[in-house]
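Participant: One structure, as structure tokens, below. Some questions next.
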Amino acid sequence: MATELKEMFNTKFYEHLAIQFNKADAGFNIQQFVEAVTNGLENRSLNERLRFTIITLKNHLPADFKEAVKLLNAVIPNSPKGYTSLIFPDYIGQFGVHDFETSMEALAYYTQFGSSEFAIREFLKHDFDKTLEVMKLWAKSPNHHIRRLASEGCRPRLPWAMAIPELKKNPNPILPILHILKADSSEYVRRSVANNLNDIAKDNPQIVIEIVSQWKGHTKKTDAIIKHACRTLLKQGNTEILKHFGLDSSKVAVADFKINTPKVAIGNYLEFSFSVQNNDERPQTIRLEYAVYYLRQNGQLSKKVFKISERLFEQNQSSHINRKQSFKLITTRKFYTGQQKLSIIINGEEKESITFELID
């Protein structure tokens with residue numbers, strides 16, 4: 001993924017970008033900019049390409065920040081969409097903290113072409129209270145991109161972004177934003193609210209449990225937010241959340257659990273199967289998951305939960321499940337040979353487990 005994004009910062013992109021700046025300001029030197037920004041390009045990582053781009057731009061744009069922003073504003077509508085559009089809010093995040101009003105207007109504008117979720121965190125770090133007040137206003141914007149920025153930009157654990165330790169410790173200051181957006185008309189915005197709550201649940205589960213109780217039944221859209229927001233708590237088997245969603249494992253039976261590949265070579269698949277039956281006298285929702293306990297370098301096992309399905313089972317209804325789990329090499333996980341474990345989880349409760357061996 002990072003490699004694909006990195007390749008978007010190529011000579012063709014920079015040539016197009018330079019032409020657009022030249023159209024906005026005839027004094028912008030296309031050749032000098034392209035030569036400067038592509039010098040050593042092949043040796044830079046994704047983040048290095050992003051940051052070097054705005055540093056080079058700063059050397060070619062007016063020294064006055066407001067004048068530079070005017071050019072950025074003129075160019076962004078005609079620039080490629082996608083990850084490269086982050087250069088515009090990143091410019092503001094790195095060079096605009098001294099001009100708060102201009103920067104806030106720019107970030108609200110730029111987020112409509114990509115996202116300002118990373119750049120706004122520079123301002124939360126620099127002046128938390130003042131920035132948060134602006135984000136509360138954004139939550140009421142008629143533009144759904146700006147409303148999403150209000151939620152996404154203050155996520156305590158936003159992936160790939162600068163951490164905001166204060167929010168991981170105490171997310172209460174951002175809860176008013178989430179309350180405003182809990183029934184937003186845009187799924188794009190609502191999904192961000194759910195992701196924000198899921199972040200909060202990782203450090204402050206009780207806060208999310210209380211919100212779930214408050215929001216339950218507000219609207220169907222809000223109920224959907226709640227379910228998505230609780231995915232980490234559900235995977236953890238949090239008893240309060242399981243009870244909230246009516247997920248009870250006491251009358252669900254697992255049978256015929258077996259691993260078809262007790263020895264799995266790295267690069268292949270673990271294959272397993274089991275049957276599940278609803279023994280209740282009434283239909284009930286059954287959430288099916290499995291956990292792989294990966295062997296780590298220190299000899300300990302590390303649990304990761306994978307969801308299979310969540311659906312209604314009629315009285316005495318059963319189902320046979322066949323599943324494959326990949327052990328192909330990926331950049332985000334390193335495998336260690338030796339004994340691992342697989343377990344079946346029904347409505348948050350681990351029912352049965354079997355060990356298997358990972359080999360070279």
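Participant: Of the conditions (1) out of contact with any Phe, Trp or Tyr (no Cβ under 8 Å at 6 or more places or on another chain); (2) open to solvent by less than 70 Å² (accessible area, probe 1.4 Å); (3) under 27 Å from Val189 (Cβ atoms), Gln236 satisfies every one except a single condition; which number is it?
Facilitator: (2)
Participant: Separate question: Which ones in region 313-329 are open to solvent by less than 90 Å² (accessible area, probe 1.4 Å), part of a strand (DSSP E or B) and of a type outside the set (Ser, Thr, Tyr)?
Facilitator: Phe313, Ile321, Arg323, Gln325
Participant: Output yes when any residue across region 111-119 is of a type in the set (D, E, K, R), open to solvent by 40 Å² or more (accessible area, probe 1.4 Å), assigned by the TED database to the domain that holds His179 and touching a residue at least 12 places away in the same chain (Cβ under 8 Å), and no when none is. Explain how you work it out, then say what you get.
Facilitator: Taking region 111-119 first, the residues of a type in the set (D, E, K, R) are 117.
Retained after the next criterion (residues that are open to solvent by 40 Å² or more (accessible area, probe 1.4 Å)): none.
No: zero hits.
Participant: Is it true that some residue in region 215-232 is assigned to a loop (DSSP other than H, G, I, E, B), out of contact with any helix residue (DSSP H, G or I) (no Cβ under 8 Å at 6 or more places or on another chain) and open to solvent by 60 Å² or more (accessible area, probe 1.4 Å)?
Facilitator: Yes, region 215-232 has at least one match.
Participant: Identify, by number, the condition in (1) within 28 Å of Trp138 (Cα to Cα); (2) at pLDDT below 95 that Met8 doesn't meet.
Facilitator: Unmet condition: (1).
Participant: Restricting region 330-360 to residues that are in a strand (DSSP E or B) and small (Gly, Ala, Ser), which is surrounded by the most Cβ atoms within 10 Å (Cβ to Cβ)?
Facilitator: So the first thing to find is which residues in region 330-360 are in a strand (DSSP E or B), and the list is 330, 333, 338-346, 349-359.
From the residues that got through so far, the ones that are small (Gly, Ala, Ser) too are 338, 343, 353.
Details: Gly338: 12, Ser343: 17, Ser353: 14.
Among them, the one singled out is Ser343.
Participant: Suppose we filter region 146-168 for residues that are open to solvent by 40 Å² or more (accessible area, probe 1.4 Å) and outside any helix (DSSP H, G or I); how many remain?
Facilitator: Of the residues in that region, 5 qualify.
Participant: For region 169-189, indicate whether the set of residues that are among the acidic types (Asp, Glu), farther than 20 Å from Leu72 by Cα and exposed (fewer than 15 other Cβ atoms within 10 Å of the Cβ) is non-empty.
Facilitator: Within region 169-189, one or more residues are among the acidic types (Asp, Glu), farther than 20 Å from Leu72 by Cα and exposed (fewer than 15 other Cβ atoms within 10 Å of the Cβ).
Participant: Also: Could you tell me which of the residues Lys235, Lys227, Lys258, Lys263 is within 27 Å of the chain's Cα centre (by Cα) and closer than 30 Å to Ile359 by Cα?
Facilitator: Lys235
Participant: Which of the residues belonging to region 108-137 are over 19 Å from the mean Cα position of the chain (by Cα) and hydroxyl-bearing (Ser, Thr, Tyr)?
Facilitator: Passing the criteria: Tyr109, Tyr110, Thr131.
Participant: So in region 240-259, with the set limited to residues that are part of a loop (DSSP other than H, G, I, E, B) and touching a residue at least 60 places away in the same chain (Cβ under 8 Å), which one is nearest to Ile209 (Cα to Cα)?
Facilitator: Once the filter is applied, the top-ranked residue is Leu247.
Participant: Does Val97 qualify as being open to solvent by 10 Å² or more (accessible area, probe 1.4 Å), outside any helix (DSSP H, G or I), among the aliphatic types (A, V, I, L, M) and assigned by the TED database to the domain that holds Met135?
Facilitator: yes
Participant: Of the residues that sit in region 101-110 and are open to solvent by 20 Å² or more (accessible area, probe 1.4 Å) and touching a residue at least 12 places away in the same chain (Cβ under 8 Å), which one is farthest from Tyr83 (Cα to Cα)? Working first, answer last.
Facilitator: At the first step, the residues of region 101-110 found to be open to solvent by 20 Å² or more (accessible area, probe 1.4 Å) are 101-102, 105, 109.
Now restrict to residues that are touching a residue at least 12 places away in the same chain (Cβ under 8 Å): 102, 109.
Numbers: Thr102: 23, Tyr109: 16 Å.
If we take residues in region 101-110 being open to solvent by 20 Å² or more (accessible area, probe 1.4 Å) and touching a residue at least 12 places away in the same chain (Cβ under 8 Å), then Thr102 is farthest from Tyr83 (Cα to Cα).
Participant: For region 169-183, give me each residue that is among the hydrophobic types (A, V, I, L, M, F, W, C) and either part of a loop (DSSP other than H, G, I, E, B) or in contact with a helix residue (DSSP H, G or I) (Cβ under 6 Å, 6 or more places away or on another chain) (or both). Show your work before the answer.
Facilitator: In the first step, residues of region 169-183 are kept if they are among the hydrophobic types (A, V, I, L, M, F, W, C); the result is 174-175, 177-178, 180-181, 183.
Listed by number, the residues that qualify are Ile177, Leu178, Leu181, Ala183.
The values are calculated or read from the model by the stated rules, or taken from the named source; none is laboratory data. As the structure is a computational prediction, the values presented were derived from the model and not from experiment. All Cβ positions, glycine included, derive from the backbone under ideal geometry; neighbour counts span all protein chains shown. For accessibility, only protein heavy atoms count, side chains too; no ligands or nucleic acids. Shrake-Rupley method; radii C 1.70, N 1.55, O 1.52, S 1.80 Å.
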